Amino acid sequence: MASYGARYASQPFFRFSSSERLTLPSSSSTSSSNPYSLPDSEPLVHQRATSHLALLPAFSSFLSTLGSLNRDYTHKAASHIGAFRLQIAKSAQERAGDSATTERALSGVLEQVDLQVRMAGEGFEMTAREVAARMEQVGSRLDAVRKRHHQFYAQLMTQRDKAYEQRDRSRSAYFSACEAVESARQKRATAKEGRDSDKATRVYDAAYSEMLLAKDQYLVDLDGANVAKQRIYSVHLPHLIDEYQSLEASAVKQLEDLLGRMLEIQTESGQKVLQAVDKAKQALATIDVGADQQAFVTQHATTLMAAYEHPPDLLFEECPVWHDTDDFAITPAAIVYLQNVKSKAQSKIGEISPAIETKRREVGSLQNLRDTYEASRGLGDTVGVIENLYNVSHETALLELQHSELQASVEIIDAALGENASTDLRPHEFKGSSFVTPQTCAVCASSVWGKGLKCAKCDMAVHPKCELKVPAGCAARPGAGVVRGKSKRLSGAPASISASGANSSTTSLSRTASTLSHASSLESSTAAGGGPPRRSVPPAFGSERSPASPSPPALPAQTSPPQQTATLLYDFTASSELELSVGAGEVVEVLEPEDASGWIKVRLAGDGREGLVPANYMQMGGVSNGTVGAAAAPASATQRAQALYAYVAQSEAELSLAEGDVVDLTPTGMDAAEGWAEVTKDGRTGLVPAAYVSALLSHTRAIA
């Protein structure tokens with residue numbers, strides 16, 4: 001049994017190898033600064049990127065203003081340039097200070113602009129048309145990318161919070177289940193001997209089983225929250241920091257190109273400023289975005305690393321009213337539940353893994369295309385490529401995060417269950433369905449009406465909440481999984497669990513769970529007998545009686561109606577106390593018809609032993625007369641029923657009842673429809689709820 005605490009104690013701090021991490025976008029003009037030097041620093045880096053991106057609209061506005069001031073530039077332009085240089089100087093600290101190559105280059109450009117304001121004419125108009133408008137357009141588009149980066153950061157935090165909230169909900173559900181178990185335990189301890197004690201024991205057993213399922217779900221969600229947290233802080237946030245830096249580099253590259261074009265226009269406007277223009281070009285050439293980014297990292301890394309503490313792992317919390325450990329429960333019902341959780345996770349992994357690989361290849365292609373466009377200005381739409389690149393990058397990151405959480409669920413279930421984590425039996429293929437006619441849920445035996453799930457292979461119907469409780473073992477025959485009576489529901493656990501058995505349920509398995517995890521033993525047993533393969537796991541003996549339906553009164557032993565018989569076609573060896581070993585050619589009496597899982601309850605005519613035998617091991621045919629027990633009804637008795645509650649008919653097909661009314665059951669009787677009985681009252685035949693009447697055997701017409 002795997003311990004949750006032990007599992008994390010043996011894990012390294014980062015659970016993802018470098019090969020699992022998303023390939024980060026990189027610019028050909030940037031050097032490799034390490035984003036892990038600035039852990040969890042998105043607000044700081046976002047502020048820096050915002051400041052860099054703001055340079056584009058700022059310069060656009062600046063040049064447009066110069067064009068409008070062309071008429072009186074002599075008086076106003078100089079003042080405006082001075083104010084703008086002061087603005088850039090004030091914001092320089094946000095971009096690593098005045099010593100940064102970008103700041104020095106900008107200073108040189110502004111000096112050149114200060115000389116150009118003395119010129120009149122066409123230069124300013126051309127600059128406004130070709131440079132300022134382009135800066136505004138590029139700045140707006142790149143700023144939209146920045147906003148998506150910031151939204152993606154919020155999305156990552158939301159995903160982390162969702163994982164935390166799911167863990168909190170599972171913990172609350174587990175605590176509530178623990179409280180229910182404790183309450184049931186106290187009631188059982190104070191219950192009187194007899195029926196009250198038995199009922200209290202059943203309530204306690206049911207509450208205990210539900211608590212174990214809630215605990216397992218809590219552990220799964222707890223691990224998922226830790227994986228989400230670990231991947232977000234170890235992979236995606238560092239990637240996001242690198243994306244900000246790449247976006248910043250692209251913005252500076254665009255700014256560099258547009259300012260270069262502005263300088264070219266001004267060069268054409270007059271030879272008097274050629275020397276200043278050359279100096280400005282030289283200043284622009286000194287821009288080293290990678291060096292500026294590294295200086296920024298160096299400036300802030302020491303302070304951030306000193307105050308930063310990686311979020312600790314979430315640990316299993318013991319409920320105050322239920323003393324427990326972080327070990328997974330491995331009761332039969334829990335094994336079925338976890339097997340289904342694992343199966344669904346593996347199915348989802350199979351769906352998203354190809355999508356992740358496709359997205360990764362797309363990211364690589366877009367990176368190469370962006371680098372090509374940035375190296376050759378005018379070759380294509382660089383900003384459009386950047387937009388697509390980061391959209392695909394974000395989608396890939398979210399898919400990888402989902403993949404990691406699903407894979408973690410599979411791994412922790414494998415560690416907890418070992419060889420029982422998988423089964424060789426055919427799983428059910430449940431699909432969403434809308435039930436116009438009520439059907440019986442194969443798990444809880446209550447009606448499924450409206451939205452529910454149906455197996456595409458065997459037509460088994462279950463509630464959505466019961467899907468994960470259905471064990472594997474699909475008969476793959478249309479109609480084989482349809483449950484026509486409440487006594488035929490599936491169960492992942494034995495029909496009853498003793499008080500002592502409940503305390504050891506985390507270490508012992510029932511026949512159902514062992515059958516699910518050891519299907520190979522069934523196949524070998526079949527091979528020895530030479531018969532066809534078994535269809536599924538047999539259900540427990542007996543059926544669940546409605547609390548509102550008391551047992552019929554005992555009658556003297558009577559001669560039963562003709563009993564159907566069957567002949568065994570193959571030898572069958574029982575593998576549990578529920579089954580019956582019989583030889584080929586033996587004749588048996590059929591006690592119950594074939595159930596939804598392909599088993600028939602029979603009795604040997606010779607020694608009276610009873611048990612379950614696969615339906616495809618025998619050939620039906622013939623009847624036999626025998627003696628039945630005292631609870632059997634006389635052959636010629638007309639069965640009646642008494643109303644337990646008053647009922648008002650809701651349609652012409654129904655009958656109204658008063659409490660205590662005695663009515664005749666038709667031959668269809670209690671099997672008229674799921675949850676309905678067909679009765680005759682005062683000469684009228686109609687339907688009434690089966691739970692509202694109790695069958696009687698007191699109206700005897702003749703006894704042989």
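A compact table of results
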read-out: Residue within the range 115-138 that is buried (at least 16 other Cβ atoms within 10 Å of the Cβ) and within 30 Å of TYR208 (Cα to Cα) present; value: no
read-out: Complete set of residues in the range 183-216 that are surrounded by 18 or more Cβ atoms within 10 Å (Cβ to Cβ) and touching a residue at least 60 places away in the same chain (Cβ under 8 Å); value: ARG188, THR201, TYR204, ASP205, TYR208, SER209, MET211, LEU212, LEU213, LYS215, ASP216
read-out: Any chance ALA180 is of a type in the set (A, V, I, L, M) and free of Cβ contacts under 8 Å to residues at least 60 places away in the same chain; value: yes
read-out: Tally, over the range 605-632, of residues that are modelled with pLDDT of 85 or more and over 27 Å from ALA445 (Cβ atoms); value: 1
read-out: Residues of the range 307-352 satisfying the condition of being aliphatic (A, V, I, L, M) and under 28 Å from ALA180 (Cβ atoms); value: LEU314, LEU315, VAL321, ALA329, ILE330, ALA333, ALA334, ILE335, VAL336, LEU338, VAL341, ALA345
read-out: Every residue from the range 640-654 that is farther than 12 Å from ALA690 by Cα and in a loop (DSSP other than H, G, I, E, B); value: ALA646, VAL648, ALA649, GLN650, SER651, GLU652, ALA653
read-out: Members of the range 458-477 that are touching a Pro at 6+ places or on another chain (Cβ under 8 Å) and on the phi > 0 side of the Ramachandran plot; value: ASP459
read-out: Residue match in the range 289-299 (condition: buried (at least 18 other Cβ atoms within 10 Å of the Cβ), touching a Leu at 6+ places or on another chain (Cβ under 7 Å) and closer than 30 Å to LEU406 by Cα); value: no
read-out: Failed item in (1) at pLDDT 85 or above; (2) among the polar types (S, T, N, Q); (3) under 19 Å from GLN47 (Cα atoms), with THR102 passing the rest; value: (1)
read-out: Candidates LYS229, LYS253, LYS281, LYS215, filtered to the one that is of a type outside the set (Gly, Ala, Ser) and at pLDDT below 85; value: LYS281
read-out: Any pair with Cβ under 6 angstrom, 6 or more apart, that starts in the range 632-657 at a residue that is under 16 Å from GLY669 (Cα atoms) and ends at one that is modelled with pLDDT of 85 or more and charged (D, E, K, R); value: ARG640/ASP664; ALA643/GLU659; ALA643/ASP661; LEU655/LYS681
read-out: Residue match in the range 246-259 (condition: more than 30 Å from ARG129 (Cβ to Cβ) and either in contact with a His (Cβ under 7 Å, 6 or more places away or on another chain) or crowded, with 19+ Cβ neighbours inside 10 Å (or both)); value: yes
read-out: Any hit, the range 190-206, residues being under 27 Å from the mean Cα position of the chain (by Cα) and assigned to a helix (DSSP H, G or I); value: yes
read-out: Near pairs, Cβ below 9 angstrom, 6+ apart or cross-chain, from the range 293-322 (closer than 29 Å to ARG169 by Cα) to any residue that is modelled with pLDDT of 80 or more and in a loop (DSSP other than H, G, I, E, B); value: LEU315/ASP326; PHE316/ASP324; PHE316/THR325; PHE316/ASP326; GLU318/ASP324; GLU318/THR325; GLU318/ASP326
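The values are calculated or read from the model by the stated rules, or taken from the named source; none is laboratory data. Predicted model only: the values in this text are computed from it and were never measured. Glycine also receives a Cβ, built like all others from the backbone with ideal geometry; neighbour counts cover every protein chain displayed.
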